[in-house]
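Remarks on the structure that follows.
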Amino acid sequence: MAIIEVDKITKRFRAKRGGRVLIGRGGLGDLIRGKKTETVTALEEMSFDVEPGESLGIIGANGSGKSTLLKIIAGVTVPTEGDVRVRGRVASLLELGAGFHPMLTGRENVYLNAGILGMRHKHVDEVFDQILEFSGIGSFIDYPVDTYSSGMYVRIGFAVAAYTNPDIFLIDEVLSVGDEEFQRRCRTRIGELMEMGKTIVFVSHDLGIVNTLCKRVILLSQGKMVLRDSTSKAIDFYLRQIGAEKGLHTMRSGPLEAIMSNGRISLFYNQEEVTSASGMQFKVFNLGFWHESKDADWEISDRSDTSCIARGYMAKLSATFVWDISLENGEMAWKLSIHCDRTLCADMLESNLFFPTHYTRWTYDDGNGTFQELRPEDTDWVAATAPELLCETSALLPPDDSDRPAIVISCEGLRAHSRGSWLNSDYMTGSRVFRTEEHTGEESKSFDPGDHEIIAYRIRPDASKEALKKRLSEQSDRQTLTVGKLRCRFDRGRIRLSFNGTQLTDVVHVYASMLIQNLWHDSVNLRWESIDHDGDVLRFEGSSRRVPLRMTWEMRPEGDALGLTIWIEAFEPLDVQEYHTSIVLKEDYTDWKTDHESGSFPEFTSEMHDWHHLNENYAVASFGEATGGSQPTVRLESSTDDVATRMTILNTGHQQRGRVLQALCPPDHGVIRFEPGKRLYFKGRIVVTEV
């Protein structure tokens, strides 16, 4: 038997116009003349049942009747027509401060509300400490509630409702008033109630929460029930309608469909949503606040069946997010830019791509792994991979016995310090998340007026998991040199080292950098285009977008070691303050030595913000070496005869947590003059041996 039965209910209200209408239309004059009072129909001919233990979501635009429906189920108001039958104790969290007496203290209101919900005084005594702890309002429990903030109202209201052991829990959008930490706590408690078999009816505009909480969703529009179906189908249908029409656009190409909906992109393949309800979003951190794409004022231009340009104006930033979206050849291309009306200081840039939890495995560069199962107690996001400089290709895979498509994500970080990672979201968001972030440094946080490219994605749902594995393998093999157990993969200005299947390097891996006019120019910031195979030699070329130079890397096997030669070609005279070639190893390494001295790497602390040199002797040297426990020994050797190389050892900052072997070339005095033409930058070997 259903625990909630809604049978053909209709709810009408008298139209209220205020005191002024006494002398106008609908006022006293109309009443004297016998004219009928205008009415508004909030709900019309609505019927559905809710089974015990079911979680039902109610979604729809503002004014669609969601809150009115919830109030009727709660018994706060009655329908004009039709019947509602509710079997069991109901706890509801509807309007801010509903059921509170402003002159009573929080403690007194706890007992008052619990009594209204049918709990005896002694039962409230048993759970009072839990209610107080959950609410987190502390000593304010003995203050009159008319001194409470809106967030404190929500805290105590939810705590009472959640701990009165209801059979049915009704929740309105009021939860969005609480702070982020309390919202996570509420979501966890809702998950616990679901596990206990309680019936939950949930109204929210947060489709991610609805998607996680609810097995079935009702979609309302202008007081009518438009759809009553599975969560995914209801949300898919809703995504095509919500928001201002000027910020909505649907694109189709073969089996691929994308919906741009006011700051969120949803992707579909063969009419099934590939992204989760949160879709794909972007945000900027400025002056202590996140400014999210879904909060912008969006407008679509250049509309076509397969593409569009979307512009979202952020008034507080005086900036516009510009998204170039297109579907072609089975993939979606998404290029993000920012147009600044005035100088913008952004401390962080972040894009998040949300995918459903039925995807269980990830790949990122040479690494792969399995996501942990999300549980109700998971209230924080957890990284599946450490954030590191953006790799070219990543992928998401379902279980082998699933017929869902694998997803390939290709990235081009148009800014220097973009980092990518896979994460598990919290339980209520219920997603696997591919995040690209940039913590802007002092030299790059200021965006001048004008256009700034941020990042470009290509997302491809590929029905063949085997084809995906083959494509990823072929792409990796073209740029990889294997020497014994040492695997060396070149990736846009850096070499990723792994030994016997275990990755050795981290962050920027093996890379090169030049200090010119007090700015470091890293090899990972060059535009790498050319790949050349010459027997056992792999050759790569990249050009700088800032200074007139080109860099060439050559990788070759030398015995059981990697031979590395780097050339620089300057097109104009360059004054270089110093330059280096470095290996950034994982933090597992504990000890180091050079030709002249040895020591231990210190533990990382939160005070370590910058890279720090550990050696004291900077005489010309031929090698730097790192060891640590069961880790293989890594040795950087320099054989550049015509350049005086100093071997130095560093710790990175605590965020990167890397150990560094560096072949440093400082000037004897003044600067190093690079005349136009080609010259040797570094020549040496990387030797890795088992312990």
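The values are calculated or read from the model by the stated rules, or taken from the named source; none is laboratory data. This structure is a prediction, so every number in the text was calculated from the model and none was measured. For neighbour counting, all protein chains shown are included, and Cβ atoms are generated from backbone atoms with ideal geometry for every residue, glycine included.
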Quiz item: Within the bounds of segment 603-615, is there any residue that is in the same structural domain as VAL634 (by TED's automatic domain parsing), surrounded by 13 or more Cβ atoms within 10 Å (Cβ to Cβ) and among the acidic types (Asp, Glu)?
Solution: no
Subject >> So GLY628, is it surrounded by 15 or more Cβ atoms within 10 Å (Cβ to Cβ), of a type in the set (Gly, Ala, Ser) and modelled with pLDDT of 90 or more >> reply: yes
Filtering segment 482-516 down to residues that are closer than 16 Å to ILE686 by Cβ and basic (Lys, Arg) yields LYS485, ARG487, ARG489, ARG494, ARG496
- For ARG494, are the conditions met, namely being surrounded by 17 or more Cβ atoms within 10 Å (Cβ to Cβ), touching a residue at least 12 places away in the same chain (Cβ under 8 Å) and charged (D, E, K, R)? yes
Note on segment 558-615: residues charged (D, E, K, R) and within 37 Å of the chain's Cα centre (by Cα) are LYS586, GLU587, ASP588, ASP591, GLU603, GLU607, ASP610
Within segment 57-82, restricting to residues that are assigned to a loop (DSSP other than H, G, I, E, B), β-branched (Val, Ile, Thr) and touching a residue at least 60 places away in the same chain (Cβ under 8 Å), the one that is surrounded by the fewest Cβ atoms within 10 Å (Cβ to Cβ) is THR77
Taking segment 204-233 and the residues there that are among the aliphatic types (A, V, I, L, M) and over 24 Å from the mean Cα position of the chain (by Cα), the one that is surrounded by the fewest Cβ atoms within 10 Å (Cβ to Cβ) would be VAL226
From the option list ILE218, ILE200, ILE259, single residue qualifying as in the same structural domain as ILE459 (by TED's automatic domain parsing), over 18 Å from SER425 (Cα atoms), modelled with pLDDT of 80 or more and of a type in the set (Val, Ile, Thr) is ILE259
- Message: Any residue at all in segment 138-155 that's buried (at least 21 other Cβ atoms within 10 Å of the Cβ), within 30 Å of THR231 (Cβ to Cβ) and without any contact (Cβ under 8 Å) to a residue 40 or more places away in the chain?
- Response: yes
Exercise. Based on what the data block shows, is LEU327 assigned to a strand (DSSP E or B), more than 20 Å from the chain's Cα centre (by Cα) and either surrounded by 22 or more Cβ atoms within 10 Å (Cβ to Cβ) or touching a residue at least 40 places away in the same chain (Cβ under 8 Å) (or both)?
Worked result: yes
(request) For VAL110, state whether it is assigned to a helix (DSSP H, G or I) and touching a Phe, Trp or Tyr at 6+ places or on another chain (Cβ under 6 Å). (result) no
For strands (runs of 3 or more DSSP E) lying entirely in segment 197-275, having 3 or more residues that are more than 22 Å from SER293 (Cβ to Cβ) picks out 199-203, 216-221, 224-230
Counting only residues in segment 496-526 that are of a type in the set (Val, Ile, Thr) and within 19 Å of TRP611 (Cβ to Cβ), the one nearest to the chain's Cα centre (by Cα) is identified as VAL507
Scanning segment 240-266 residue by residue, those surrounded by 23 or more Cβ atoms within 10 Å (Cβ to Cβ), out of contact with any Leu (no Cβ under 6 Å at 6 or more places or on another chain) and under 24 Å from ARG216 (Cβ atoms) turn out to be ARG264
Residues of segment 511-528 being part of a loop (DSSP other than H, G, I, E, B) and buried (at least 20 other Cβ atoms within 10 Å of the Cβ), in sequence order, are LEU526
Given (1) at pLDDT below 90; (2) in contact with a Gly (Cβ under 6 Å, 6 or more places away or on another chain), ILE209 misses just (2)
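Residue-by-condition table, conditions (1) assigned to a loop (DSSP other than H, G, I, E, B); (2) crowded, with 17+ Cβ neighbours inside 10 Å; (3) at pLDDT 90 or above; (4) of a type in the set (A, V, I, L, M, F, W, C):
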position: VAL508; (1), (2), (3), (4): no, yes, no, yes
position: ARG539; (1), (2), (3), (4): no, yes, yes, no
position: ILE566; (1), (2), (3), (4): no, yes, yes, yes
position: ASP575; (1), (2), (3), (4): no, no, yes, no
Of the residues in segment 273-294 that are surrounded by 15 or more Cβ atoms within 10 Å (Cβ to Cβ) and over 14 Å from the mean Cα position of the chain (by Cα), the one that is nearest to LEU239 (Cα to Cα) is GLU273
Practice task
For segment 300-313, state whether one or more residues are in the same structural domain as TYR457 (by TED's automatic domain parsing), outside any loop (DSSP other than H, G, I, E, B), β-branched (Val, Ile, Thr) and touching a Ser or Thr at 6+ places or on another chain (Cβ under 9 Å).
Solution key: yes
Those residues of segment 551-573 which are among the charged types (D, E, K, R) and either free of Cβ contacts under 8 Å to residues at least 24 places away in the same chain or under 10 Å from LYS683 (Cα atoms) (or both) amount to GLU554
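Each row is one residue, and each column tells you yes or no for (1) closer than 30 Å to ILE235 by Cβ; (2) modelled with pLDDT of 85 or more; (3) not assigned by TED's automatic domain parsing to the domain that holds ASP206.
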{"position": "GLY57", "(1), (2), (3)": "yes, yes, no"}
{"position": "PRO79", "(1), (2), (3)": "yes, yes, no"}
{"position": "VAL84", "(1), (2), (3)": "yes, yes, no"}
{"position": "SER92", "(1), (2), (3)": "yes, no, no"}
{"position": "ARG107", "(1), (2), (3)": "no, yes, no"}
{"position": "VAL110", "(1), (2), (3)": "no, yes, no"}
{"position": "ASN113", "(1), (2), (3)": "no, no, no"}
{"position": "TYR143", "(1), (2), (3)": "no, yes, no"}
